[in-house]
Amino acid sequence: MSLRPVADHRLVILSGTAHPQLASRIAGELGVSLMPMTVSRFPDSEIHVRVEASVRGKDVYVIQPTCPPVNETFTELLIILDALRRASTGRITAVIPYYGYARQDKKTAGREPITARMVADMLTKGGADRILTVDLHSPQIQGFFDIPVDQLTAVGVLSEHMRKWDLRDSVIVAPDAGRVNMASEYAGRLNLPVAIVQKRRIGAEKTQAAYVVGEVEGKRPIIIDDMITTGGTVAGSMDALMKRGCRPEIRVAATHAVLVGKSVETLSDAAIAEVVVTDTVPFDPARSIPALKEVSVAPLIAQAIGRIHADDSVSDLFGDRS
Ligand code: R5P
């Protein structure tokens with residue numbers, strides 16, 4: 001994907017503190033500089049923000065994944081939106097490459113919240129005119145907003161990387177029923193069969209995989225997912241696949257590398273040949289492992305920003321989901 005620099009002074013890109021590296025990559029792709037902004041703290045830890053130049057009438061894109069520490073990055077985003085709204089910005093797009101709080105998208109028991117909806121309301125009330133995001137945990141979260149939501153997918157970027165692998169005898173594995181559509185998209189692009197693991201969550205870090213649908217014996221599984229958080233889902237899927245006689249050559253592809261808890265130990269398992277993720281969440285060098293590879297979604301997001309700014313269609317960046 002090549003992008004001509006956007007020589008338009010109305011376009012403004014600015015970054016919160018969650019992932020300045022990704023913001024710089026996106027700005028670099030667009031051929032613009034990041035708008036300077038100061039984010040500081042009052043002694044009691046309250047966040048203060050000041051955009052350091054006029055944004056009156058501009059088309060502003062705020063880059064801020066709501067990744068850990070989720071409550072901090074999300075609150076900071078709301079405060080940035082408020083500052084922009086009060087500065088007479090023309091249009092504000094919240095670019096949220098990783099949309100946190102998305103997994104609570106329905107009630108699974110009485111007296112529980114639906115945080116994915118609550119976050120949508122807060123972003124809209126906070127001043128966002130539109131949202132640009134990548135691989136929401138569930139696509140229907142788009143419907144929680146009454147403002148436009150452009151959901152990009154990293155399946156194309158990750159598939160390009162996976163084409164370099166030896167794909168003989170491979171099978172794409174959906175680690176739970178929620179990932180079947182995504183698995184089909186990978187399978188279609190890579191011309192591979194699909195298997196599905198039936199997953200039951202038995203704790204925040206532990207899942208139980210009851211059975212596998214599809215042929216995996218003697219195959220090299222590629223487990224795909226929207227995110228790796230604690231690694232519990234990958235670990236549970238690996239157990240189930242091994243019990244069904246797959247080869248101990250497992251590869252993993254996921255959009256969001258949230259990587260908390262025991263994820264690094266899980267992904268260091270000798271049976272895992274490679275894990276490919278994107279840079280929607282900042283990479284913590286302390287959690288680096290040899291098997292982990294990162295590919296960038298900056299060119300994809302920059303393309304989308306360029307098109308939104310020019311009022312061009314972004315639907316062909318949505319992958320097979322449109
Ligand atoms: C769950 O439905 C998601 O798609 C992921 O499978 C899950 O969030 C990954 O989390 P963990 O790595 O903690 O199992």
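Heavy-atom accessible area per residue, the chain, 1.4 Å probe: how many Å²?
So the chain comes to 45 Å² accessible per residue, rounded to a whole number.
Restriction of the trypsin sites (Lys or Arg not before Pro) in the range 2-82 to DSSP coil positions whose beta-carbon has at most 15 other beta-carbons within 10 angstrom yields Arg10.
Rolling a 1.4 Å probe over the protein heavy atoms of the range 220-322, with every protein chain left in place, gives an accessible area that is 51 percent carbon and sulfur. Multiplying the residue separation of Glu52 and Arg91 by 0.36 nm and removing their Cα-Cα distance gives an extension gain of 12.3 nm. The range 122-156 and the range 243-285 have Cα centres lying 26 Å from one another. Modelled label positions at Val260 and Asn181, each set 7 Å beyond Cα in the direction of Cβ, lie 2.6 nm from each other. Counting 0.36 nm for each residue step from Asp146 to Leu167 and taking away their Cα separation leaves a gain of 3.4 nm.
With both labels modelled 7 Å from their Cα along Cα-to-Cβ, the Asp8 to Lys125 distance reads 3.2 nm.
Of the residues Leu190, Leu84, Leu22, the one that moves most in a GNM of the chain with alpha-carbon contacts below 10 Å is Leu190.
A Förster radius of 41 Å combined with the Cβ-Cβ distance from Asp316 to Ser33 puts the calculated FRET efficiency at roughly 0.90.
Here the extension length gained between Lys206 and Lys107 equals 33.7 nm, from 0.36 nm per residue of separation less the Cα-Cα distance.
In the chain, the calculated helix contribution to ellipticity at 222 nm averages -8000 deg cm²/dmol per residue, counting -39,500 (n - 2.57) for every DSSP H run with n ≥ 4.
Computing the accessible area with a 1.4 Å probe over protein heavy atoms, can you report the carbon and sulfur percentage for the range 62-145?
52 percent
Close Lys pairs in the chain (alpha-carbon distance under 28 Å; sequence gap of 8 or more, or different chains): 26. Just the number, please: percent antiparallel of the DSSP beta bridges in the chain, rounded to the nearest 5. Rounded to the nearest five, the antiparallel share is 25 percent.
The values are calculated or read from the model by the stated rules, or taken from the named source; none is laboratory data. What you are looking at is a predicted structure, and each value in this text was computed from that prediction instead of being measured. Cβ sites come from the backbone with ideal geometry, for glycine too, and all protein chains shown count toward neighbours. Calculation scope for accessible area: heavy atoms of the full protein, side chains included, ligands and nucleic acids excluded. Shrake-Rupley method; radii C 1.70, N 1.55, O 1.52, S 1.80 Å.
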